[in-house]
Amino acid sequence: MRKGRFLALTFLTAVMAALALRSDCTAQELRVFRSQMPYEDDLMRRQLYEHLTGIARGFLQQQDREIQAIQTPEDVAERRKTIRARIMDCIGPFPERSDLKARVTGSFEREGYRVENVVFQSRPGFYVTGNLYIPSSGDRPFPAVLGVNGHTLNGKAGLTYQRIWIGLARKGYVVFTFDPPGQGERFMYWSEDLGASLVEGTTPEHTMAGNQCLLTGSNAANYFIWDGIRAIDYLLTRPEVDPKRIAVTGNSGGGMESAYLGALDDRLAACIPNCYLNSWEQLWTTLGPQDAEQNMLPFVGSSLDFIDYIIPFAPRPYQMNLAIQDFFSIAGARRTYEKARRIYELMGAGDNLRKVEYDDGHGYWQPMREQMYGFLNNRFKGGTDAPDSEPESRVELDRTLQVTPTGQVMTSYPDSRTIGQLNALYAQQVKYKAALPSKESGLDSFRQDIQARVRRAIAFQSANTPLDIQPRGSIRQGDMLVEMLTYQSEPGITIPALLFRPQGGPAGAAPILYAADENKAADAAGEIAALVKAGHTVLAPDVRGKGELERDVETNGIFRQWFANDWQMAMMALQVKKPLVGMRTLDLVRALDVLTGLEKVQASRILAVGRGSG
């Protein structure tokens, strides 16, 4: 491990301005990639994405080979075990089942059905708010549907979702639908003063909590899935429900949870995800990673793909509802369907896998809902797969479906906990407890242990390939020379850097590796200039994905706004077991190699200065 002294340096404004670059020294002049080749800049901005894409492609090719190797029903059963084990490795262990403490807080009657407002605790202090729709007539016990909701602020009260649940209830199905975390009556960042969440919308609600989970090696999906599993537990406590005829359906985020529950819970007899299933090859190159619970990490790096949500459900009835104009690629979903069809036919159940396509955008449109009714009627009531018309429905006001006294679990129940609070408790169980050495002789082994743990945590891998240092021009300004150069951090990753050399004045000061916050040139007229004035040679690189290497991305703007400019790259990196921090550490270690070679000094003489995220 290379040794370096890390200093936090603060300079007075007057000192920082002592050797400012001239005012007409533009940002363009400090760019390393300034050639007249129009494609070079784009190539440099895309290289991290292409690097990660190459790694992802390798994992997905391995996944495809594993699926192609399935030739018998016994192979399917073995793959089911593999899939579930890998998913659990991604999301962390579920807690033990605790008392649901379920209770009905209100009810009302409508033509053909009754609604009960229900609250239960999926974990101690983690309140789940839901509505139970019960048919008013018919033969009991009824078939049941677990209705999971997409990204609506009002959760279970979303108008489209109400129409689905009412339609099912009037057709003789018990329906239990509930608010996902961060929606409806379950905002994790609720502000009583604002009367709203402190963060903007459902996806930041999910991702803010999900980012905290990353610190403990768990995942927000764990909380979403466990809520669904416990909701099935609740359905099974109801005498109105036939335990052998329970289905799950939902749209978008609800389609996601439908697929998750289908993969993990054998008590479900039918699964109908709407507007979710895709293929990672298509998702990677179009939308990219979505909010936290949709990022099982490292799902791709575990050689899993969307078909691995379907395989564990085979040969039970499964319907893929797809919107042709969806922002989720229809091409990817069709490929997944074809792969899944081979598995179902292998098990002699080809008729149990169905694909429904509707020519519209993202949504659970009425024709898709009517296809779902027909699918369930055939499997649960002996009907046919023909679409079944949706009855007219009277949707309710949010307050009619409200379960809690205040409209939020956080202000209704003093013992209510958020994902963040539960994750903090989990952190106490799993966090590393350092065994500090009692003698000086134990310091070296203690240091080596810490270094090994850090390397594993960030997946750090050293590189010994040629640096291939390439000068790219220079600018002289007063007593400072700024040299532009590039070096190769690892194959396929070219790093631009600025080398600031003092010209005259004091000499012999230790060289400095300068890790900027977002752009190597941003501090050129401030801290870096002051360091050069004091006699230091300073090397400032743009690590991959930053500065001149930042990828232009138009999608996922809300994640860039709330979390980071490189949020999407960070999620892609985690998907393939290559955390950005580890790769960027390599870029800086290789910069040390550059600096030691140019200055003819040992790395232990070099000072390392980091600003902000640097």
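One line per residue, one yes/no per condition, for (1) of a type outside the set (V, I, T); (2) open to solvent by 50 Å² or more (accessible area, probe 1.4 Å); (3) on the phi > 0 side of the Ramachandran plot:
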{"position": "G407", "(1), (2), (3)": "yes, no, yes"}
{"position": "T418", "(1), (2), (3)": "no, no, no"}
{"position": "L422", "(1), (2), (3)": "yes, no, no"}
{"position": "L443", "(1), (2), (3)": "yes, yes, no"}
| remark: Selection from the range 406-438 of residues under 30 Å from G158 (Cα atoms) and either free of Cβ contacts under 8 Å to residues at least 40 places away in the same chain or not in a loop (DSSP other than H, G, I, E, B) (or both) yields T406, V409, M410, T411, S412, P414, I419, G420, Q421, L422, N423
| task | Name every residue in the range 120-142 that is under 28 Å from the mean Cα position of the chain (by Cα) and β-branched (V, I, T), in order of residue number. | result | V128, T129
| task | Filter the range 59-72 for residues that are within 25 Å of the chain's Cα centre (by Cα) and open to solvent by less than 80 Å² (accessible area, probe 1.4 Å) and give the result. | result | F59, L60, Q62, Q63, D64, E66, I67
| Given the structure, is S122 closer than 24 Å to W226 by Cβ, touching a residue at least 40 places away in the same chain (Cβ under 8 Å) and among the polar types (S, T, N, Q)? | yes
| query | Within the range 283-296, is there a residue that is more than 27 Å from R163 (Cα to Cα), open to solvent by 10 Å² or more (accessible area, probe 1.4 Å) and among the hydroxyl-bearing types (S, T, Y)? | reply | yes
| query | Restricting attention to the range 583-610, which residues are more than 30 Å from I55 (Cα to Cα) and surrounded by 17 or more Cβ atoms within 10 Å (Cβ to Cβ)? | reply | T596, I606, L607, A608, V609
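Here's the yes/no breakdown for (1) among the polar types (S, T, N, Q); (2) crowded, with 22+ Cβ neighbours inside 10 Å; (3) part of a helix (DSSP H, G or I):
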| residue | (1), (2), (3) |
| --- | --- |
| G545 | no, yes, no |
| I558 | no, no, yes |
| Q561 | yes, no, yes |
| A564 | no, no, no |
| M569 | no, yes, yes |
| L574 | no, no, yes |
| K577 | no, no, no |
| remark: The lone condition R447 fails out of (1) open to solvent by less than 90 Å² (accessible area, probe 1.4 Å); (2) in a helix (DSSP H, G or I) is (1)
| remark: From the option list V601, V543, single residue qualifying as in contact (Cβ under 8 Å) with a residue 40 or more places away in the chain and within 28 Å of A457 (Cβ to Cβ) is V543
| query | Identify, please: which residue in the range 528-540 is in contact with a Leu (Cβ under 9 Å, 6 or more places away or on another chain) and open to solvent by 10 Å² or more (accessible area, probe 1.4 Å) and is, among those, nearest to E281 (Cα to Cα)? | reply | T537
| task | Output yes when any residue across the range 355-364 is among the basic types (K, R), more than 30 Å from S218 (Cα to Cα) and in contact with an Asp or Glu (Cβ under 8 Å, 6 or more places away or on another chain), and no when none is. | result | no
| query | Can you tell me which residues in the range 379-405 are modelled with pLDDT of 95 or more, open to solvent by 50 Å² or more (accessible area, probe 1.4 Å) and not in a loop (DSSP other than H, G, I, E, B)? | reply | D398, R399
| said: Quick test for you: out of F120, F108, F142, F126, pick the one residue that is at pLDDT 95 or above, within 22 Å of S218 (Cα to Cα) and not β-branched (V, I, T). | reply: F126
| In the range 453-469, is there at least one residue being over 30 Å from T486 (Cβ atoms) and either at pLDDT below 90 or open to solvent by less than 50 Å² (accessible area, probe 1.4 Å) (or both)? | no
| task | Could you figure out which of (1) in contact with a helix residue (DSSP H, G or I) (Cβ under 7 Å, 6 or more places away or on another chain); (2) over 30 Å from C271 (Cβ atoms); (3) without any contact (Cβ under 8 Å) to a residue 12 or more places away in the chain isn't true of T384? | result | (2)
| remark: Just one listed residue, out of F563, F559, is within 21 Å of H51 (Cβ to Cβ), among the aromatic types (F, W, Y) and in contact (Cβ under 8 Å) with a residue 60 or more places away in the chain, and it is F559
| task | Check the range 549-562 and report whether any residue there is touching a Gly at 6+ places or on another chain (Cβ under 9 Å) and at pLDDT 90 or above. | result | no
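Residue-wise test of (1) open to solvent by 20 Å² or more (accessible area, probe 1.4 Å); (2) assigned to a loop (DSSP other than H, G, I, E, B); (3) not hydroxyl-bearing (S, T, Y).
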position	(1), (2), (3)
T336	no, no, no
R342	yes, no, yes
E345	yes, no, yes
R354	yes, no, yes
M368	no, no, yes
Q371	yes, no, yes
| request: Provide a single number: the residues in the range 470-498 that are more than 14 Å from L595 (Cα to Cα), of a type in the set (G, A, S) and either open to solvent by less than 30 Å² (accessible area, probe 1.4 Å) or touching a strand residue (DSSP E or B) at 6+ places or on another chain (Cβ under 6 Å) (or both). | output: 2
| query | Does L268 satisfy being among the aliphatic types (A, V, I, L, M), open to solvent by 20 Å² or more (accessible area, probe 1.4 Å) and either outside any helix (DSSP H, G or I) or on the phi > 0 side of the Ramachandran plot (or both)? | reply | no
| Consider R103 against the criteria (1) free of Cβ contacts under 8 Å to residues at least 24 places away in the same chain; (2) closer than 22 Å to E257 by Cα: it satisfies all of them except one. Which criterion is unmet? | (2)
| message | Just the residues that are hydroxyl-bearing (S, T, Y) and either surrounded by fewer than 24 Cβ atoms within 10 Å (Cβ to Cβ) or out of contact with any helix residue (DSSP H, G or I) (no Cβ under 8 Å at 6 or more places or on another chain) (or both), please, taken from the range 254-265. | response | S258
| Can A56 be described as within 17 Å of M296 (Cβ to Cβ) and buried (at least 17 other Cβ atoms within 10 Å of the Cβ)? | yes
| Single residue of the range 242-253 satisfying the filter (touching a Leu at 6+ places or on another chain (Cβ under 7 Å) and surrounded by fewer than 24 Cβ atoms within 10 Å (Cβ to Cβ)) that is farthest from I310 (Cα to Cα) | P243
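The values are calculated or read from the model by the stated rules, or taken from the named source; none is laboratory data. Note that this is a predicted model, so its numbers are computed, not measured. Glycine gets a Cβ as well: all are built from the backbone with ideal geometry, and neighbour counts include every protein chain shown. When the accessible area is computed, the model is the full protein with side chains, heavy atoms only, and any ligands, DNA or RNA have been set aside. Shrake-Rupley method; radii C 1.70, N 1.55, O 1.52, S 1.80 Å.
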